[in-house]
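A.B. asks: Supplied in structure tokens, the structure appears directly below.
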Amino acid sequence: MRPARALIDLQALRDNYRFARKLAGSRALAVIKADAYGHGAVRCAQALHAEADGFAVACIEEALELRAAGVQAPVLLLEGFFEATELALIAEHRLWCVVHSLWQLQAIEQASLSQPIQVWLKLDTGMHRVGLQPGDYAAAYRRLQASGKVSKVVMMSHFARADELGSPASNDQTAVFRAATQGLGAETSLRNSPALLGWPQLPSDWVRPGIMLYGASPFEEAQANASRLKPVMTLESKVIGVQQLGPGEPVGYGAQFVTDKPMRVGVVAMGYADGYPRHAPTGTPVWVAGQRSRLLGRVSMDMLSIDLTEVPAATVGSPVELWGRNVLANDVASAAGTIAYQLFCNVRRVPLVYQG
């Protein structure tokens, strides 16, 4: 059996959620959209069911998968609904729903629902992705309250630059939020993972931890709270071949790496078809036989090469960690010019093995 797999530490997931709630001092929706950032939404929801205040997903398909698996906790649809016909299912399955556009508001007013739904009314405070404009917000809030179709409204927005600890943008967005919601008196939801970790002064009755649940930092630089997170996924495999090469020998497709001295090169059963980034360059860290080493040459579909020259204990069958506790996903992402979010979401083909 091919040795490539992703170990998912569910106890680390629970610990990260508890840490998020402790930092927030308020209720927390665990964000498990995109199959829990590649970690398996159903299993992650089941692991958190005893303590999570609720979950957040992107769309109704993701929510219905949780309901079919027996997850009965509140589930928020972060993109709301895409067709008015979804509202019947939202009411039937007791889903919470973001409203970010006036057409969605009108659809709710016109809908015939089996029961009122909870709405999270989104304000565009400066990210300019989705959300009502500040001048429309108070009137939309009052229309929802008067519609008879809504049980509760939570006021929300989303930060564009909370991962930039030196930027004033998050404070500016908060000021826009406060001005637009003045006098409305509803619960609020503003803080995502970077705002939870790095912006304790920002208000939020509900927080929405995402990437931090999975143990990766949203920041490019070191940050004290982020350093306390526990990696949940360990992407691992084994050495399946060893080459002893002299100087001047190419390694892998395109001869992207050429030896400059005698070298031992290991071949690992892991490639871009498993989700390891093809564009990771020579020097990207790996962990082999209990020692840090590096990637060599171009990543193939099913295999990649690593440097065993200074790892004499490594041989065929030696374990290799591509990311996890010894090699952080953030370090691999930085080397490959991407982010840990994308690494996790791209994991495929390899089995997910749950622990804890």
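A.B. asks: Could you tell me whether Ala52 is in contact (Cβ under 8 Å) with a residue 12 or more places away in the chain, hydrophobic (A, V, I, L, M, F, W, C) and closer than 17 Å to Gly324 by Cβ? Steps first, answer last, please.
C.D. replies: Working: in contact (Cβ under 8 Å) with a residue 12 or more places away in the chain: yes; hydrophobic (A, V, I, L, M, F, W, C): yes; closer than 17 Å to Gly324 by Cβ: no.
Judged against the criteria, Ala52 is not a match.
A.B. asks: Under 6 Å between Cβ atoms, which residue pairs at least 6 apart in sequence (or on different chains) link something in the stretch 4-25 that is surrounded by 18 or more Cβ atoms within 10 Å (Cβ to Cβ) with a partner that is charged (D, E, K, R) and in a helix (DSSP H, G or I)?
C.D. replies: Ala4/Asp274
A.B. asks: What number of residues within the stretch 304-318 satisfy the criterion of being farther than 19 Å from Lys261 by Cα and surrounded by fewer than 18 Cβ atoms within 10 Å (Cβ to Cβ)?
C.D. replies: Qualifying residue count for the region: 4.
A.B. asks: Against the condition over 17 Å from the mean Cα position of the chain (by Cα), among the charged types (D, E, K, R), surrounded by fewer than 19 Cβ atoms within 10 Å (Cβ to Cβ) and within 24 Å of Arg94 (Cα to Cα), how does Arg43 come out, does it pass?
C.D. replies: Values: over 17 Å from the mean Cα position of the chain (by Cα): no; among the charged types (D, E, K, R): yes; surrounded by fewer than 19 Cβ atoms within 10 Å (Cβ to Cβ): yes; within 24 Å of Arg94 (Cα to Cα): yes.
No; evaluated as a whole, the condition is false for this residue.
A.B. asks: Out of the stretch 151-185, which residues are at pLDDT 95 or above, within 30 Å of Arg94 (Cβ to Cβ) and loosely packed, with under 15 Cβ neighbours inside 10 Å?
C.D. replies: Residues satisfying the conditions are Ser151, Lys152, Gly183.
A.B. asks: Quick check on this structure: which one of Arg161, Arg94, Arg129 is assigned to a loop (DSSP other than H, G, I, E, B) and closer than 30 Å to Gly70 by Cβ?
C.D. replies: Numbers: Arg161 fails: closer than 30 Å to Gly70 by Cβ; Arg129 fails: closer than 30 Å to Gly70 by Cβ.
It is Arg94.
A.B. asks: Another question, if that's okay. Can you pull out the residues in the stretch 84-99 that are more than 19 Å from Val207 (Cβ to Cβ) and either charged (D, E, K, R) or buried (at least 21 other Cβ atoms within 10 Å of the Cβ) (or both)? Quick ask: steps written out before the conclusion?
C.D. replies: Filtering the stretch 84-99 down to residues more than 19 Å from Val207 (Cβ to Cβ) leaves 84-95, 99.
Scanning the stretch 84-99 gives Glu86, Leu87, Ile90, Glu92, Arg94, Leu95, Val99.
A.B. asks: Just checking, does the stretch 135-150 include any residue being surrounded by 14 or more Cβ atoms within 10 Å (Cβ to Cβ), farther than 19 Å from Trp96 by Cβ and not acidic (Asp, Glu)?
C.D. replies: yes
A.B. asks: Here is a follow-up. If Ala73 satisfies all but one of (1) closer than 24 Å to Leu132 by Cβ; (2) in contact with a strand residue (DSSP E or B) (Cβ under 7 Å, 6 or more places away or on another chain), what's the number of the condition it fails?
C.D. replies: (1)
A.B. asks: Considering only residues of the stretch 186-200 that are among the hydrophobic types (A, V, I, L, M, F, W, C) and not in a helix (DSSP H, G or I), which is surrounded by the most Cβ atoms within 10 Å (Cβ to Cβ)?
C.D. replies: From the stretch 186-200, those among the hydrophobic types (A, V, I, L, M, F, W, C) are 186, 190, 195-197, 199; that's our starting set.
Filter again for not in a helix (DSSP H, G or I), leaving 186, 190, 199.
Numbers: Ala186: 16, Leu190: 25, Trp199: 18.
The extreme case among them is Leu190.
A.B. asks: Is there any pair linking a residue in the stretch 201-229 that is part of a strand (DSSP E or B) to one that is among the hydroxyl-bearing types (Ser, Thr, Tyr), with Cβ under 9 Å and at least six apart or on different chains, and which?
C.D. replies: Trp206/Ser26; Trp206/Thr188; Trp206/Ser189; Val207/Ser26; Val207/Ser189; Val207/Ser193; Arg208/Ser189; Arg208/Ser193
The values are calculated or read from the model by the stated rules, or taken from the named source; none is laboratory data. Bear in mind the structure is a predicted one, so any value in this text is a computation, not a measurement. As a convention, Cβ positions derive from the backbone with ideal geometry for all residues, glycine included, and neighbour counts pool all protein chains shown.
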